[in-house]
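Below you'll find the structure, written out as structure tokens, and then a few comments.
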Amino acid sequence: MSVSLVNLLYLLAAALFILGLKGLSHPRTAVRGNLLGATGMLLAVVVTLLGRGLVGFEVILAGVIVGALGGTLVAVRIPMTGMPQLIALFNGFGGGASALVAAVAMEQALVSADLPGSQVAVASGVSAFVGAVTFWGSTLAFGKLQGLITERPVLLTGRHLLNGALLLVCLALGAWLVVGPNPVLTFWALLGVASLLGVLLVVPVGGADMPVVISFLNACSGLAAAATGFALNNNVLIIAGSLVGAAGFVLTVNMSRAMNRSLANVVFGGVGRSNTAPSETEEIYAGRVKSATPDEVAILLEDARRVVIVPGFGMATAQAQYAVRDLAQRLESAGVAVEFAIHPVAGRMPGHMNVLLAEADIPYESLKDLEEINPTFRQTDVVLVIGANDVVNPLARESDASIPIAGMPILDVDQARTVVVVKRSLSPGFAGIPNPLFAADNTLMLFGDARQVTLELVAALKQSVRTPA
């Protein structure tokens, strides 16, 4: 395959990557965007292998078949509620693969010359550092999301000094990799220290900050891939990695802004530990919490003209999205206008609530983001909060810097006529602070599992003579 043809096909693959990212910017075109991006990557892999004569066509075909079968098996077996964990693993595999490919590039450079060129050495060092941090950080994120280890922050004494020291060691090893006499040994030492740094960076991060961390690690996996592209002198890998890295960093910044926190605060802040004493919690609630039954809430819902449903992580863990869809359809059949208020950091991955509701075939037009839905809460009869906590906590409007969520944009559900909160208990959310919404005059608490409670609401509505069957 000629160099001109290879470059032309690389250009086509790059165009598919860009079109894929554009498609992923909206739920309606996300599937098509994903297919375009996957097609571009398949084209890039096949052209690289054939163009360099690394393997025969039959090996490429075998790899495509094995990869397709593996991907299909994962897609079928992993539930939507397991997507955050799966994405974390994908990020880790991308970073780990980049680091290992950079190791091979280093070995090949040693075979062809006494010492690898500065471009190969620098690029391999960056790939080893970023790839190792991404792999081990993503693996730890997977463990937190899967419940294998605690989701709460693990705050080690002197962790910032230790992380700073490890970073300096990585920088020193990277410099020695370029000028030192034994690049292979230095490379693997850099890989080891960076791996430890990746673990220690994610250990202090709590589960609810995972949307930002996953997005950041995704950006890092792209950066590692781009660095490996420089090590291999492969243009399409540089382009693909740069696109992934840039898109990931933009998303990370936007999600950090949605939480009114910096990326440094997310990674180093250790938010999620207990922040409020039990006495303070009792003072806030002070016997003002009013509980309700599904039958009582059903009466409120069927008499409403407009209902807004706010999904949260509790809906995801209970896998209640289908029950929520049935509830929305039941209300709409009775002439009630139903919309869904989506907070940008609700759940454990970017767009978590959108993915779950799309799986349940809830129309995209019904999903409203924070900026669009907030001005309408004053005209809402009933807001049904299902498993959300910090993203509807009015304390976020406080200027007290000691409150972890101070200044974070929230869904202003407390402005509605009636708020119904579906929650297992009054336990605080991830931020570790109580929620005054639970004790507000216009709030009713519906205690129980999100899926079971929603099913009971649907059953209660079906029994009502005022709701069409």
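Could you name every one of the helices (runs of 4 or more DSSP H) located completely within region 1-87 that has at least 2 residues being in contact with a helix residue (DSSP H, G or I) (Cβ under 6 Å, 6 or more places away or on another chain), more than 30 Å from G147 (Cα to Cα) and free of Cβ contacts under 8 Å to residues at least 40 places away in the same chain?
Once the helices (runs of 4 or more DSSP H) in region 1-87 are filtered for at least 2 residues that are in contact with a helix residue (DSSP H, G or I) (Cβ under 6 Å, 6 or more places away or on another chain), more than 30 Å from G147 (Cα to Cα) and free of Cβ contacts under 8 Å to residues at least 40 places away in the same chain, what remains is 3-23, 30-51.
Taking residues in region 151-166 that are outside any helix (DSSP H, G or I), and partners anywhere that are at pLDDT 80 or above and buried (at least 17 other Cβ atoms within 10 Å of the Cβ), the pairs with Cβ atoms closer than 6 Å and at least 6 places apart or on different chains are E151/K144; P153/P204; V154/V203; L155/P204. Taking only region 316-345 into account, find how many residues are polar (S, T, N, Q) and either within 16 Å of L461 (Cβ to Cβ) or assigned to a loop (DSSP other than H, G, I, E, B) (or both). So the answer is 3.
In region 289-330, which residues are of a type in the set (D, E) and surrounded by fewer than 16 Cβ atoms within 10 Å (Cβ to Cβ)? D295, E296, D303 - these are the residues of region 289-330 that are of a type in the set (D, E) and surrounded by fewer than 16 Cβ atoms within 10 Å (Cβ to Cβ).
Within the option set L35, L16, L21, being over 18 Å from G351 (Cβ atoms) and among the aliphatic types (A, V, I, L, M) holds for one residue only, L16. When region 326-373 is filtered for residues that are of a type in the set (D, E, K, R) and either within 30 Å of G143 (Cα to Cα) or in the same structural domain as L263 (by TED's automatic domain parsing) (or both), the ones remaining, listed by number, are R348, E359, D361, D369. Here is the figure for region 378-411: residues that are closer than 15 Å to V345 by Cα, surrounded by fewer than 20 Cβ atoms within 10 Å (Cβ to Cβ) and at pLDDT 90 or above total 0.
To keep it simple, each residue is scored yes or no on (1) part of a strand (DSSP E or B); (2) under 26 Å from P27 (Cβ atoms); (3) hydroxyl-bearing (S, T, Y).
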{"site": "E371", "(1), (2), (3)": "no, yes, no"}
{"site": "V391", "(1), (2), (3)": "no, yes, no"}
{"site": "P409", "(1), (2), (3)": "no, yes, no"}
{"site": "V419", "(1), (2), (3)": "yes, no, no"}
{"site": "S425", "(1), (2), (3)": "no, no, yes"}
{"site": "L446", "(1), (2), (3)": "yes, no, no"}
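Here is a check on your reading of the model: is L251 modelled with pLDDT of 85 or more and closer than 28 Å to S118 by Cα? Taking the combined requirement at face value, the residue does not satisfy it.
Scanning region 405-451 for residues being within 13 Å of V382 (Cα to Cα), touching a helix residue (DSSP H, G or I) at 6+ places or on another chain (Cβ under 7 Å) and either among the charged types (D, E, K, R) or outside the structural domain of I373 (by TED's automatic domain parsing) (or both) gives a total of 2.
Assess whether A189 counts as being assigned to a helix (DSSP H, G or I) and under 21 Å from N265 (Cα atoms). Judged against the criteria, A189 is not a match.
The values are calculated or read from the model by the stated rules, or taken from the named source; none is laboratory data. Predicted model, so just to flag it, every value in this text is computed and none were measured. Cβ: placed from backbone, ideal geometry, glycine included. Neighbour counts: every protein chain shown.
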